[in-house]
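One structure, as structure tokens, below. Some questions next.
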Amino acid sequence: MSGVTLDGLMASQAGLVSRSQVLACHLDDTFIETRLRRNQWRRVHRGVYVDHTGPLSWLQRLWAVLLFHGDAVACAESALVLHGLRPGDPTDLLHVAVAVDRRVRALPGVKVHRLTALAASVQPNRRPPRLRLERAVLQVAARSRDEAAAVAVLADACQSRRTTAGRLLADLELRTRAPRRAFLLEVLGDVATGAFSVLEHRYLTRVERPHGLPSARRQSGARGPGGRSVWRDVEYLGGRLVVELDGRLGHDATEDRWADFDRDIASAVDGAVTLRLGWRQVLDPCRIARGLVRLLQGLGWEGRPTSCGVDCSLVPSAVGVRPAP
């Protein structure tokens, strides 16, 4: 720590310092005890001190844990806070990572993750130390409560323009034992290539068929403004309802929006209603099916939808809904 002053070090660590750092600044335990006695410092954890006696902010709590464990880095949701993808609340559970072979003492309000190849996954020259964005995003996505929440994490990361689906996919391909790996590979592969086959298959097998929606025509051609050819993903009732399935995360590029606009204009000219669905919607299939049934019935469909199971939103008691077989 040559050339580093104690005040400068503490300023870079949100007012926190460890005993080992104090000693490295050529000070001693008497110096620490004097600061504590004068209420200039307060002990947060054993061997970790803060330069005030009030409550700790989220960042100060994190620094205290990292200094207590030593050679630890922020990971999972805590890393996403540092990367600017979500806010940090002082009451949040903190997530820190250590090498897989380390054993550390548990602290209240802290989740310790033991990760392989930790050194290679840390973003250099960032303080507090943290996992690289891609690994942190994939870690949170893999641990999400369901598939829809996992897709939301991926979408937020891509929409922020801090990373891309291709970079996330490249990182995931190195992690052969990651939870939910097959599903995340499907989604990111879909996104990276621009092919929507996975999403369309999930729509067919989780939304349309289980809920007894009418038969649809798929990938039908139409003429857009200026005579351009456009393709419609799913058409119901002879084209009166068009469902467009968009597998891209952060679907906001200018050319993409113009292509969508052209397709929607072509549908409107033909008297069709257009509904756009993405991963988040398709992974909540019963809710989407309920909305589609309302639209279809409003357009004159006289069929009877089917509940996909006992927990389906299209409950058998609803008018016109058949119970699951």
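Since every read-out is calculated from the coordinates, none of them should be taken as a lab result. None of these values were measured; they are calculated from a predicted model. Cβ atoms come from the backbone with ideal geometry, glycine included; neighbour counts cover every protein chain shown.
Calculate the radius of gyration of the Cα atoms of the range 135-193 to one decimal place, then report Dmax, the largest Cα-Cα distance, as a whole number, both in Å.
That works out to 10.0, 27 Å for Rg and Dmax.
To the nearest 20 debye, what charge dipole does the range 1-54 have about its Cα centre, counting +1 at the Cβ of each Lys and Arg and -1 at the Cβ of each Asp and Glu? Don't skip to the end; give the middle numbers.
Working: 7 positive and 5 negative charges, 48 e Å.
That gives the range 1-54 a dipole magnitude of about 220 debye.
Starting from the Cα of SER160, move 7 Å in the Cα-to-Cβ direction to define the label point; list residues of the range 56-85 whose amide nitrogen is under 15 Å from there.
74-85
Something else: Students often check this: by mean Cβ neighbours within 10 Å, which of 117-124, 32-39, 138-145, 55-62 ranks highest, and how do the rest follow? Don't skip to the answer; put the middle values down first.
On the way: 117-124: 14.8, 32-39: 12.0, 138-145: 20.0, 55-62: 18.1.
Result, highest mean first: 138-145, 55-62, 117-124, 32-39.
With just the Cα atoms defining each centre, how far is the range 1-50 from the range 173-187? Give it in Å.
Cα centroid of the range 1-50 versus Cα centroid of the range 173-187: 43 Å apart.
For the range 81-182, compute Rh as the Kirkwood radius over C-alpha pairs and then the Stokes-Einstein diffusion coefficient at 20 °C and 1.002 mPa s; write the answer in µm²/s, rounded to an integer. Walk me through the numbers on the way to the answer.
Working: Rh = 14.6 Å.
My calculation gives 146 µm²/s for D.
Name the trypsin sites (Lys or Arg not before Pro) in the range 65-116 that are in a loop by DSSP and that have at most 12 other C-beta atoms within 10 Å, would you?
Details: sites: ARG102, ARG103, ARG105, LYS111, ARG114; in loops: ARG102, ARG103, ARG105.
Answer by residue number: ARG103, ARG105.
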